[in-house]
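A.B. asks: The structure that follows is given in the form of structure tokens.
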Amino acid sequence: MSDKMKNFIVRTITGVLFVIIMVSGIAFRAEAMILLFALITGLTIWEYTGLVNEIENVSVNRSISTTAGVYLFLAFAGYCADITPPVIFIPYLLTLVYLFISELYTKNPNPIHDWAYTMLGQMYIALPLSMFNVLAFRYSQTDGFVHYNGLLALSIFIFLWCNDTGAYCSGSLFGKHKLFPRISPGKTWEGSIGGAVIVLIVAAVFSWYDESLSILEWLGLGLVVVFFGTWGDLVESLFKRTLGIKDSGSIMPGHGGMLDRFDSSLMAIPASVVYIYTLSLCN
């Protein structure tokens, strides 16, 4: 068996397992989603801090940064589920203050780099993943309670997967015009359009099963995920290109690291939250 075929088999098995874990972790119970994404947040920030600590004169506290990111996700979960009051965010804010003040005593040659990369990890990874709770827990005006909407939350990732698949197939068949050659030479306009068409079809199907959004609103959500998911992919590509690496890690055989798997969602999730709340204000 050739190495190319072996790699294809490994990628396929890993991809299927990844989808099963994500779907089962999001679709059914809030507790499973919280545990899954707390783990994802921790692993992703740990991977990120390991990468930036390879940069000369950069020293980010991996343990505290990872713990802070996981805590922020859990705080969002508790608040969005209407379990905990806003005071739950105070320990996180105090941790950020500590990370700033601690640089006064570390004697690192460039503390500004440490501050910048520390805060980037929180803003780029911890905050977007934490905002997933805003999509998952929705207040119902009918009964006045907060309910878990696993379908709406899961739709973000299904749209991203469909966009990737559609873009790959369309780009392979028809791709001629580069989308962003400086950062990601493999992406084409034809592929992006093909991915968007697939997502719009899937979004229309979702409208049959979840009437919390109209078909036009579902289509709008699909386009938001397509645009910002693509930008999220390009942002991570720029990050890796800046560091001079091909993959962010090797935790997922054949698929790279955590950032490689969740790069698109880091932009798509907050954009989707803004979109959903804009709809709620307009209705």
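The values are calculated or read from the model by the stated rules, or taken from the named source; none is laboratory data. Keep in mind that what you see is a predicted model, and the values were worked out from it rather than measured. Because the Cβ atoms are built from the backbone with ideal geometry, glycine has one as well, and the counts that use them run over all protein chains shown. Ligands, DNA and RNA are excluded from the accessible area calculation, which covers all protein heavy atoms including side chains. Shrake-Rupley method; radii C 1.70, N 1.55, O 1.52, S 1.80 Å.
A.B. asks: Kindly indicate whether any position in the range 97-111 is open to solvent by 50 Å² or more (accessible area, probe 1.4 Å), of a type outside the set (S, T, N, Q) and outside any helix (DSSP H, G or I).
C.D. replies: yes
A.B. asks: So is residue 268 in contact with a Phe, Trp or Tyr (Cβ under 8 Å, 6 or more places away or on another chain), open to solvent by less than 30 Å² (accessible area, probe 1.4 Å) and within 24 Å of residue 171 (Cβ to Cβ) or not? Lay out the reasoning, then the answer.
C.D. replies: Values: in contact with a Phe, Trp or Tyr (Cβ under 8 Å, 6 or more places away or on another chain): yes; open to solvent by less than 30 Å² (accessible area, probe 1.4 Å): yes; within 24 Å of residue 171 (Cβ to Cβ): yes.
Considered against the rule, which asks whether it is in contact with a Phe, Trp or Tyr (Cβ under 8 Å, 6 or more places away or on another chain), open to solvent by less than 30 Å² (accessible area, probe 1.4 Å) and within 24 Å of residue 171 (Cβ to Cβ), residue 268 comes out as yes.
A.B. asks: Here is a follow-up. Suppose we keep only residues that are surrounded by fewer than 18 Cβ atoms within 10 Å (Cβ to Cβ) and at pLDDT 90 or above within the range 209-218. Which one would you say is farthest from residue 183 (Cα to Cα)?
C.D. replies: So in the range 209-218, the residues surrounded by fewer than 18 Cβ atoms within 10 Å (Cβ to Cβ) come out as 209-212, 214-217.
Okay, now just the ones that are also at pLDDT 90 or above, so 214-217.
Numbers: 214: 36, 215: 34, 216: 33, 217: 32 Å.
The extreme case among them is 214.
A.B. asks: Please specify each residue of the range 266-282 satisfying the condition of being touching a helix residue (DSSP H, G or I) at 6+ places or on another chain (Cβ under 9 Å) and not small (Gly, Ala, Ser).
C.D. replies: 266, 267, 269, 270, 273, 274, 275, 276, 277, 279, listed by residue number.
A.B. asks: Here's a check for you: in the range 153-191, which residue that is touching a strand residue (DSSP E or B) at 6+ places or on another chain (Cβ under 6 Å) and open to solvent by less than 70 Å² (accessible area, probe 1.4 Å) is farthest from residue 80 (Cα to Cα)?
C.D. replies: By that ranking, first place goes to 175.
A.B. asks: Let me ask something else. When the range 231-265 is examined, which residues are found to be more than 21 Å from residue 14 (Cα to Cα), hydroxyl-bearing (Ser, Thr, Tyr) and open to solvent by less than 30 Å² (accessible area, probe 1.4 Å)?
C.D. replies: Selection gives 237 alone.
A.B. asks: Taking the range 80-93 only, how many residues are open to solvent by 80 Å² or more (accessible area, probe 1.4 Å) and under 17 Å from residue 35 (Cβ atoms)?
C.D. replies: Counting residues in the range 80-93 that are open to solvent by 80 Å² or more (accessible area, probe 1.4 Å) and under 17 Å from residue 35 (Cβ atoms) gives 1.
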